[in-house]
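Notes follow once the structure below has been shown.
Read-outs: derived from the displayed coordinates by stated rules, not from any lab. If you're wondering where the values come from, they're calculated on a predicted model, not measured in any experiment. Cβ placement follows ideal geometry from the backbone for every residue including glycine, while neighbour counts extend to all protein chains displayed.
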Amino acid sequence: MAASKCTRLTGELSRRFLTSVDTVLFDCDGVLWRGDEAVTGAPELVNELKLKGKRVFYLTNNSTKTRDMYAEKLRRLGFRAEPGEVFGTAYCTAVYLRDTARLQGKVYLIGGQALSRELEEAGIPHLGSGPDPVTGGFKDWAGVGKDPDVRAVVVGFDEHFNYMKLNRALQYLQDPACLFIATNTDTRLPLEGGRAVPGTGCLVRAVETTAHRQAQVIGKPTPFLYNCVVKECGLEPSRTVMVGDRLDTDIQMGSTCGIRTLLTLTGFSSLEDAKSFQDSGSLSMVPDYYVDSVADLLPALRELPQ
Ligand SMILES: [Mg+2]
């Protein structure tokens with residue numbers, strides 16, 4: 001029989017769980033922080049994990065920050081963090097193009113500065129970032145100038161996304177040999193107070209719709225971020241846990257990768273969501289464990305030997 005799922009971690013169970021873990025993969029937003037504020041007790045938990053010799057990595061779908069920018073934000077909020085521990089979609093998209101796709105040519109980028117910088121860092125030439133005002137009419141748009149060296153279209157978060165960029169992406173993607181990569185497919189970026197703004201997934205869908213093609217996705221729930229950690233740093237899957245606030249990205253990715261999963265209730269998904277996936281048999285989106293907040297693990301962690 002399968003082990004029981006969606007168990008609250010408390011007391012003795014927390015101690016046994018923490019003893020059985022060497023590597024902790026954290027989603028960031030909704031888990032370690034909300035907006036610009038750390039979740040209470042989360043920095044202490046992460047720092048104590050490191051003191052106890054556990055390895056910590058940060059896996060985020062957000063493409064608007066480089067590794068350096070993420071490490072800086074983490075440190076500003078009180079977390080011990082190094083750029084090499086951050087596996088965000090800006091960095092991992094560049095890694096995918098360089099090492100997996102072995103791209104020979106340029107990228108047409110729908111995305112912001114962080115993506116642009118990570119591509120540069122990986123030695124991948126690109127164009128398209130920044131505003132692209134609409135000029136002319138239908139005939140001009142269909143004949144819009146194309147760079148003959150473009151071999152991939154990358155779609156990430158881009159606040160300057162518009163009809164012109166959508167059109168350029170279509171002109172490139174009509175060539176079936178042109179790669180089509182999306183950083184992530186999150187539909188909304190949640191903000192404080194239940195507010196939200198449209199996420200990268202909306203831009204990806206727009207480009208997919210016009211291109212009549214599906215993007216290859218780098219972010220969770222696909223296993224690519226996890227595979228990057230494995231390749232660069234190595235880990236033992238049976239002693240690794242994915243901690244996240246979203247069932248359809250974080251928990252789904254952990255299940256796909258065959259590692260244990262822990263849902264924290266400080267973010268997007270609720271315990272009711274998890275229970276309803278359990279009732280409908282969608283077990284890959286049901287976490288093995290849950291806590292109200294990652295800080296709940298602190299007392300048990302402090303009892304572990306150094
Ligand atoms: Mg999150």
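Using a/c under 1.5 as the rounded threshold, could you call the range 213-306 rounded, prolate or oblate? The axes a ≥ b ≥ c are square roots of the C-alpha gyration tensor eigenvalues, and prolate needs a/b larger than b/c, oblate otherwise. Working shown, then result.
Details: a/c = 2.07, a/b = 1.14, b/c = 1.82.
Here the range 213-306 falls in the oblate category.
Which entries in Lys231/Lys275; Lys65/Lys220; Lys73/Lys106; Lys50/Lys231; Lys220/Lys275; Lys65/Lys139 show an alpha-carbon gap greater than 25 Å?
Where the Cα-Cα span goes over 25 Å, the pairs concerned are Lys231/Lys275; Lys73/Lys106; Lys65/Lys139.
Can you list residues whose amide H is under 5 Å from Leu179's amide H, if they're 5+ apart or on another chain and H is modeled 1.01 Å from N?
Ala152, Val153
Give the separation of the Cα centroids, the range 6-82 to the range 198-214, in Å.
After rounding, the separation between the Cα centres reads 31 Å.
Considering every pair of different Cα atoms, what Kirkwood radius, in Å, is found for the range 149-306? Could the numbers behind the result be given before it?
Details: mean 1/r = 0.0561 Å⁻¹.
Taking the inverse mean of 1/r over all distinct Cα pairs, the range 149-306 comes out at 17.8 Å.
For the range 1-121, max minus min Cα coordinate along each principal axis, in Å, sorted largest first?
55, 40, 24
For the chain, what is the Kirkwood estimate of the hydrodynamic radius, computed as the reciprocal of the mean inverse distance between distinct Cα atoms, to one decimal in Å?
20.2 Å
Share of antiparallel DSSP beta bridges in the chain, in percent to the nearest 5?
Values: 5 of 39 bridges.
So the antiparallel bridges in the chain amount to around 15 percent.
Please provide three numbers in whole Å: the alpha-carbon extents of the range 252-306 along the principal axes, with the largest listed first.
So the three principal-axis extents are 41, 23, 16 Å.
Calculate the FRET efficiency for Gln278 and Gln306 from the Cβ-Cβ distance with a Förster distance of 45 Å, rounded to the nearest 0.05. Provide the component values of the computation, followed by the final result.
Values: r = 37 Å, r/R0 = 0.83.
Plugging the Cβ-Cβ distance into 1/(1 + (r/R0)^6) gives 0.75.
Could you work out the percent of alpha carbon pairs in the range 102-217 separated by over 21 Å, rounded to a whole number?
On the way: 2355 of 6670 pairs.
Tail of P(r) above 21 Å: 35 percent of Cα pairs.
Thr60's amide H: which non-local residues (gap 5+, or another chain) put their own amide H closer than 5 Å, with H modeled 1.01 Å from N in plane and none for Pro or chain starts?
Phe87, Gly88, Thr89
At 0.36 nm per residue, and after removing the present C-alpha to C-alpha distance, how many nm does the segment from Arg239 to Ala122 gain when stretched out fully? Write out the running numbers ahead of the final one.
Details: separation 117, 0.36 × 117 = 42.12 nm, distance 3.09 nm.
That pair, Arg239 and Ala122, stretches by 39.0 nm at full extension.
Looking at the range 102-217, send over the antiparallel percent of its DSSP beta bridges, to the nearest 5.
20 percent
Would you list which aspartates and glutamates come within 15 Å of Lys146, measuring only between C-alpha atoms, while excluding same-chain residues fewer than 8 positions from it?
Asp132, Asp175
Subtract the Cα-Cα distance of Leu191 and Asp292 from 0.36 nm times their separation in residues, and report this length gain in nm to one decimal.
Details: separation 101, 0.36 × 101 = 36.36 nm, distance 1.92 nm.
Gain in length upon complete extension: 34.4 nm.
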